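Colleague: One structure, as structure tokens, below. Some questions next.
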Amino acid sequence: TSGGAAAVPAAAASMVQKTAAQGIIKGLVEKEIAKRVAAGATAQAATKSLARDIGAITSLSVMNVAQEAGQIYPAGVEEARKKGQELTGSDIARMWGAATVAGASETIPDVIGLGALTGRFRSLTNKLGTTRASRAATGAAAGGALEAGQEGFQTVVEHYGAGQPLADEAGMKDIINSMAMALVPGVAVGGGVGFISRRPPPAAVPTDRE
């Protein structure tokens, strides 16, 4: 009886948290639709484009998580075999959790890169510089830092999920190599996005009317 009574507050708290989360998501969606309407789209077009973007991001995330799971699980099995251990439920949960985090982190630069290439982040790319050279240089630096940082974080999560050491020589070497390999494409894509981005229009000069 006491267990059932104790479960009631927990269930109520869970329901409140879910309701709050739904309210936050609804607020974010409404804010984004209003932003697109303010940019010139109709409410219907803004809603459809946002739904399409959410669907694309969701599909990309699912693909990345599945890819990470396919990499972390075999590595975890091999690591357990080396240690003469059997995988436990906690190991499986750690692997899936790591795959989810690593896959989500992989989606972030993908979305930013695709958004920049398709002109979705004009307000961001316009701030890269006033000339093509300056925008390319700034974009290259930002792209390299983003890709290298994300790849380093992703590799750490993958090692953790597979139960592999992080601070030993092999682990550190793997992290550094993954960051170095991601730096080059990050610089190339970021520089390309900066180069092809349009120069921001000059600010309107106010005129005095008598």
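The values are calculated or read from the model by the stated rules, or taken from the named source; none is laboratory data. Note that this is a predicted model, so its numbers are computed, not measured. Neighbour counts run over all protein chains shown; Cβ positions are idealised from the backbone, glycine included. The area values use the complete protein model at the heavy-atom level, side chains included, leaving out ligands, DNA and RNA. Shrake-Rupley method; radii C 1.70, N 1.55, O 1.52, S 1.80 Å.
Colleague: Please give the number of the condition E79 fails out of (1) farther than 20 Å from A170 by Cα; (2) in contact with a Gly (Cβ under 7 Å, 6 or more places away or on another chain).
Modeller: If we test E79 against (1) farther than 20 Å from A170 by Cα; (2) in contact with a Gly (Cβ under 7 Å, 6 or more places away or on another chain), just (1) comes out false.
Colleague: Restrict the check to region 22-29 and report whether at least one residue is outside any helix (DSSP H, G or I) and either modelled with pLDDT of 75 or more or β-branched (V, I, T) (or both).
Modeller: No, region 22-29 contains no residue that is outside any helix (DSSP H, G or I) and either modelled with pLDDT of 75 or more or β-branched (V, I, T) (or both).
Colleague: Follow-up. Can you tell me which residue is surrounded by the most Cβ atoms within 10 Å (Cβ to Cβ) among those in region 164-181 that are modelled with pLDDT under 90 and part of a helix (DSSP H, G or I)?
Modeller: Here the answer is G171.
Colleague: Ok, one more. Just a yes or no: is a residue in region 39-54 open to solvent by 60 Å² or more (accessible area, probe 1.4 Å), within 29 Å of E158 (Cα to Cα) and assigned to a helix (DSSP H, G or I)?
Modeller: yes
Colleague: Within region 71-97, can you find the residues that are outside any helix (DSSP H, G or I) and open to solvent by less than 40 Å² (accessible area, probe 1.4 Å)?
Modeller: None - no residue of region 71-97 is outside any helix (DSSP H, G or I) and open to solvent by less than 40 Å² (accessible area, probe 1.4 Å), so the list stays empty.
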